[in-house]
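**Student:** Quick one: structure below, then a few questions.
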Amino acid sequence: MSSESWVQLIKQVAEEQGFEVSKGVASFTINIDKWHSVAYQLKINSAGYVQAHQWEGDEESSAWGRAVYSIRSFSDAVIFCQILINSSSIRGNRKSFS
């Protein structure tokens with residue numbers, strides 16, 4: 001399977017979990033809450049792998065960190081989807097302490 005099919009799987013799962021997914025195939029973002037580090041920028045690199053960069057900015061600055069995940073197979077894409085599902089699930093159980 002190609003990296004484009006991995007991207008489609010990831011996008012479908014992210015949308016199902018309620019994440020905001022930007023348009024694009026070679027580069028796109030998945031965002032549920034940038035201010036709590038549940039945001040990723042995914043890019044297909046020159047080797048054909050999908051790199052996932054995690055949000056490291058705050059309300060005043062925007063910054064994507066270095067790639068924290070390298071998706072090189074369909075199994076890796078499934079594992080990354082599980083990370084998205086878990087991120088959504090954990091966030092859904094957060095309580096406001098303000």
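**Student:** I want to confirm something. Restricting to region 63-85 and keeping residues that are among the small types (G, A, S), more than 14 Å from the chain's Cα centre (by Cα) and within 26 Å of E16 (Cβ to Cβ), which single residue is surrounded by the most Cβ atoms within 10 Å (Cβ to Cβ)?
**Tutor:** It comes out as S73.
**Student:** Another question, if that's okay. Whether any residue in region 37-54 is more than 19 Å from S2 (Cα to Cα), more than 12 Å from the chain's Cα centre (by Cα) and modelled with pLDDT under 90 is what I want to check.
**Tutor:** no
**Student:** Which numbered condition trips up D33, out of (1) surrounded by 14 or more Cβ atoms within 10 Å (Cβ to Cβ); (2) modelled with pLDDT of 85 or more?
**Tutor:** (2)
**Student:** Can you tell me which residue is surrounded by the most Cβ atoms within 10 Å (Cβ to Cβ) among those in region 5-25 that are hydrophobic (A, V, I, L, M, F, W, C) and not in a helix (DSSP H, G or I)?
**Tutor:** Step by step, filter region 5-25, then rank; the result is F19.
The values are calculated or read from the model by the stated rules, or taken from the named source; none is laboratory data. On a predicted model such as this, the values are computed, not experimentally measured, just so you know. Virtual Cβ from ideal backbone geometry, glycine too; neighbours counted across all protein chains shown.
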